[in-house]
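Take a look at the structure below.
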Amino acid sequence: MSKPDKKVLPGDFLAVPEEFLPGPNAYETEDSVRATHPGEVLRDLAKREVGVKATYVAKTPSVGDIVTGQIEVAQTSTAHMQIYYVNGAPTMGRFSSTIYMRMERGGRGVRRTNVKLGDIVRARVVSTMNGLIQLGIDEPHLGVVFALCSVCGNPLARADGRAKCEECGNVEERKFADDFGKGSVQP
Ligand SMILES: [Zn+2]
C-alpha cells in the first residue's frame, strides 16, 4: 500500500472502476469507486486497488470542538448529524448530535433551508450537557461543506450565495461554510 494522502468521507469518489478496484473500506458503483468509511485514501498500484485507511480516534467531542459529519434527519429548526470527524481527525463515527438552527426567514417569508438530508456539515460543539451533543453552525467557516442536488444527485456548486447544480440547473439554498465548493472537503 502506498502512503495515505487525501482524507475522505463516506460516499466520496476515489477512482473510476477502469483504473482501480475497490480495496478496504471502498465500494464500486456503475461509474465510480467510493469510500464507505471516513479516513485516508490508500492506493495499491500492484493490485490496482483503491481503499480507505480508517484511522479512528476514540475521542468524545467536547465543547468548542469543530466536528464534521452527515445529516441524518433534517427538520425545520433542528437536524441530526452523525459525526465522522472531530477537529479534523476521523472518529468512530457513532456520535449522534443535534444542530439547532436560527429561525431566519428568507425571501417571501419562507423559512430558509439551512441543511438537508445527506449534506456534509462542519459545526461547532456548543453543549454536551446530559451526554447530548449540541452543535451550532452560525459562523462563516461553519455550515454545509458538501451537498448533492436533490433532483439529479450530482454535487452542487456554489453560485451567488446559493448552490447550483451544473448538470440540471436546479438551484438550492443552504447555510454554507465559506469554503463550500472550493475543491475537496476539509473536515
Ligand atoms: Zn441536478
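Each reported figure results from applying straightforward, stated rules to the coordinates on display, with no laboratory input. The shown structure was predicted, so the numbers you read here are calculated from the model rather than taken from an experiment. In this analysis, Cβ positions are derived from the backbone assuming ideal geometry, glycine residues included, and neighbour counts consider all displayed protein chains.
Values as computed for the structure displayed
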item	result
Charge dipole of the chain about the Cα centre (unit charges at C-beta), most positive-ward option of G169, P38, T68	T68
Global geometry of the chain, whether rounded, prolate or oblate, following the gyration tensor of its Cα atoms and the 1.5 cut on a/c	oblate
Mean separation of Cα contacts under 8 Å (6+ apart) over length of the range 123-187, as relative contact order %	28
Alpha carbon centroid spacing (whole Å) that separates the range 110-145 from the range 21-35	29
Student exercise, the chain dipole from Lys, Arg, Asp, Glu Cβ charges, in Debye to nearest 20	580
The chain: antiparallel DSSP beta bridges as a percent of all, rounded to 5	85
Protection proxy ranking of 41-52, 112-123 - average other beta-carbon atoms within 10 Å, highest first	112-123, 41-52
S77 versus E166: modelled label distance in nm, points set 7 Å from Cα along the beta carbon direction	3.9
